[in-house]
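This report concerns only the one structure given below.
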Amino acid sequence: VVEIKDETSLRVVTSRGDKDFEFDAVFGEASTQDQVFEDTKRLVESCMDGFNVCLFAYGQTGSGKTFTMTGSTNMPGLTPKAIDELFRLVDERAHVNVRVTTYFVEL
């Protein structure tokens, strides 16, 4: 059982005892694609500032990783939202020479 304690921590409850975890952000099952993206949007800006960026989804089968990353036509996920934001920033900084290289892996 996973209990969300607050916006940055959760507790995993098992028969062998509870274990608390701290993260930059924790999103519950009621979180929207927009809420998740707003929290990760700053990573796209960091990319434009010259930093390497990785968006990584981890979890058990059926927990929503693929949907969070790709979404649907009506609710785009992190990947299409990040690409849109990246090219919006590229257009905004037309005076800068930008080369975009990406890759996507799903295991």
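Observations on the model:
Conditions (1) modelled with pLDDT under 90; (2) open to solvent by less than 60 Å² (accessible area, probe 1.4 Å), marked per residue:
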{"position": "Phe21", "(1), (2)": "no, no"}
{"position": "Asp24", "(1), (2)": "yes, no"}
{"position": "Val36", "(1), (2)": "no, yes"}
{"position": "Arg42", "(1), (2)": "no, no"}
{"position": "Ala57", "(1), (2)": "yes, yes"}
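- Listed by first and then second residue, the pairs linking a residue in the stretch 15-37 that is among the aromatic types (Phe, Trp, Tyr) to a residue that is part of a helix (DSSP H, G or I), with Cβ atoms under 7 Å apart and 6 or more places separating them unless they lie on different chains, are Phe27/Gln35; Phe27/Val36; Phe37/Leu78; Phe37/Lys81.
- Contact map, the stretch 79-107: residues that are more than 16 Å from Thr68 (Cα to Cα) paired with residues that are open to solvent by less than 100 Å² (accessible area, probe 1.4 Å) and among the basic types (Lys, Arg), Cβ distance under 7 Å, separation 6+ or inter-chain. Pairs shown: Glu85/Lys41.
The values are calculated or read from the model by the stated rules, or taken from the named source; none is laboratory data. Predicted model, so just to flag it, every value in this text is computed and none were measured. Heads up, the Cβs are rebuilt from the backbone with ideal geometry, glycines too, and the neighbour counts pull from every protein chain shown. Heads up: the accessible areas ignore ligands, DNA and RNA and are worked out on the full protein's heavy atoms, side chains in. Shrake-Rupley method; radii C 1.70, N 1.55, O 1.52, S 1.80 Å.
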